[in-house]
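Report on the following structure.
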């Protein structure tokens with residue numbers, strides 16, 4: 001049953017296809033647009049010469065148009081153009097649609113196609129197999145039928161969702177900046193370029209094997225009836241987190257008594273990724289912040305258990321983020337399509353360490369940075385969840401908006 005004031009329309013009744021061919025000037029340079037998947041907007045490609053364009057059919061980008069990448073429309077490669085794209089071009093794979101007067105708001109439609117129902121319709125209009133064979137049929141797209149509120153309600157829904165988008169974008173920028181700041185602190189302080197007490201000449205040269213115990217886990221994800229139940233710290237738990245904490249959700253698995261005794265994680269341990277498909281992902285480190293009962297280190301990981309009287313675990317974790325450490329780990333990883341770090345290479349990795357007091361000061365600053373990042377990650381997750389819930393309710397009519405605001409805006 002349709003919400004009051006809503007109607008079912010075909011897209012061809014509310015949108016008009018626009019295609020303004022470009023007469024290519026052989027002496028000019030052009031900028032093409034691209035569309036990111038998952039509703040993440042337009043991006044601008046590097047300048048290209050007319051000769052590089054060749055015989056490709058290109059069209060002028062029209063502002064305030066709904067634009068799709070027909071190859072990845074099924075993956076929600078849909079966006080709205082703006083004044084920033086005026087003067088740019090798009091290939092025939094990026095059809096553009098402008099709204100018929102007061103029939104629809106293109107930003108409302110973009111948001112709609114970011115919902116599960118919108119994705120389902122884009123897939124219906126994109127017959128074929130996976131990937132590049134699933135090409136959007138433009139006639140099929142124009143025939144899609146969707147339920148829509150009045151033009152004024154569309155605008156109000158657009159404004160509400162754009163408010164969440166602005167908050168999400170601002171939080172993402174703050175998060176990116178906080179991560180850059182932490183990286184700068186690591187490079188300045190953990191490398192010894194900046195010292196709180198004493199100069200770099202007072203730092204000592206050592207190796208990981210001299211200041212810590214290194215254990216390479218062989219505990220896989222399979223559960224065996226003759227083994228004991230454990231919680232498993234997996235590759236992704238380490239790769240995506242600076243800290244291993246008690247409030248994380250760990251996979252349930254089993255392990256032998258010997259494995260449990262050897263690979264149970266304890267507060268103060270540092271865990272690194274030992275194997276990966278890319279050398280850049282080797283040696284990504286997290287430290288165990290909390291004591292978690294029954295938590296065992298999983299396969300493709302190595303435990304670095306520092307001598308706590310010599311090395312602060314937060315400092316040690318940061319060492320693996322240094323540019324010099326990343327270069328060492330990459331050069332000592334073995335493999336062609338999948339790379340692994342030998343235990344010997346881990347033990348022999350060079351490390352420069354100041355006094356434990358200096359490490360503690362550096363660790364306190366790093367922990368402050370990590371706390372800030374953790375808060376922003378939580379804020380971002382909450383905003384995205386709120387928007388997801390709003391999308392579901394607003395586009396189904398389960399939650400209505402006050403159209404008086406949009407009405408006054410239209411009359412202004």
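Here are the numbers for this structure:
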read-out	value
Exclusive hit being at pLDDT 95 or above and surrounded by fewer than 19 Cβ atoms within 10 Å (Cβ to Cβ), set 340, 335, 344	344
Evaluation of residue 237 against (1) under 25 Å from residue 352 (Cα atoms); (2) touching a strand residue (DSSP E or B) at 6+ places or on another chain (Cβ under 8 Å); (3) outside any loop (DSSP other than H, G, I, E, B); (4) touching a residue at least 40 places away in the same chain (Cβ under 8 Å) (one fails), failing number	(1)
Count of residues meeting criterion [touching a strand residue (DSSP E or B) at 6+ places or on another chain (Cβ under 8 Å) and over 27 Å from residue 400 (Cβ atoms)] in segment 127-182	5
Exclusive hit being outside the structural domain of residue 401 (by TED's automatic domain parsing) and within 20 Å of residue 143 (Cβ to Cβ), set 127, 63	127
Residue identified as touching a residue at least 40 places away in the same chain (Cβ under 8 Å) and touching a strand residue (DSSP E or B) at 6+ places or on another chain (Cβ under 8 Å) among 80, 71, 61, 9	9
Odd one out for residue 386, checked against (1) closer than 25 Å to residue 165 by Cα; (2) free of Cβ contacts under 8 Å to residues at least 40 places away in the same chain	(2)
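The values are calculated or read from the model by the stated rules, or taken from the named source; none is laboratory data. Bear in mind that the values here come from a model prediction, so they are computed numbers and not experimental data. Glycine gets a Cβ as well: all are built from the backbone with ideal geometry, and neighbour counts include every protein chain shown.
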